[in-house]
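Undergrad: Could you have a look at this structure, given as structure tokens, before my questions?
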Amino acid sequence: MNTYAEDWFELRDAWRAYAACRGMDTDLFYPEGRGSTLRAREQIAKNICTSCPVAQQCREAATALPERYGIWGGLTEAERGWSRR
């Protein structure tokens, strides 16, 4: 039997079941590198996000957490307001 909190989290995160990235290697969405290598790797993740039916919910979740790293809903850390240090 689920508690109220468990039910709330399941409903809040239900969008994840429809994500275009579901089942993919999460490393794709946490690209490493510098310069053009980093930008190319970020673009791979962003391309997946462009076809995602729940990209908006993903961006909102990244903001609400807040999630500092990775590509979420097609946005990089910098595009979400975080800077790399």
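Undergrad: Just to be sure I understand the filter: pairs with C-beta atoms under 8 Å, separated by 6 or more residues or on different chains, first member in region 68-82 and part of a strand (DSSP E or B), second member surrounded by 14 or more Cβ atoms within 10 Å (Cβ to Cβ). Which pairs pass?
TA: Between residues of region 68-82 that are part of a strand (DSSP E or B) and residues that are surrounded by 14 or more Cβ atoms within 10 Å (Cβ to Cβ), the close pairs are W72/F29; W72/C58; W72/R59; W72/A61; W72/A62; W72/R80; L75/R59; L75/A62.
Undergrad: Which numbered condition trips up L28, out of (1) loosely packed, with under 11 Cβ neighbours inside 10 Å; (2) aliphatic (A, V, I, L, M); (3) at pLDDT 95 or above?
TA: The single condition L28 does not satisfy is (1).
Undergrad: Pairs please, first residue from region 28-49 and touching a residue at least 12 places away in the same chain (Cβ under 8 Å) and acidic (D, E), second anywhere and surrounded by fewer than 18 Cβ atoms within 10 Å (Cβ to Cβ) and in a helix (DSSP H, G or I), Cβ atoms under 6 Å, 6+ apart in sequence or on different chains.
TA: Matching pairs, first to second residue: none at all.
Undergrad: Assess whether A62 counts as being under 11 Å from the mean Cα position of the chain (by Cα) and surrounded by 11 or more Cβ atoms within 10 Å (Cβ to Cβ).
TA: Judged against the criteria, A62 is a match.
The values are calculated or read from the model by the stated rules, or taken from the named source; none is laboratory data. Small disclaimer: the values here were computed from a predicted structure and weren't measured. Cβ sites come from the backbone with ideal geometry, for glycine too, and all protein chains shown count toward neighbours.
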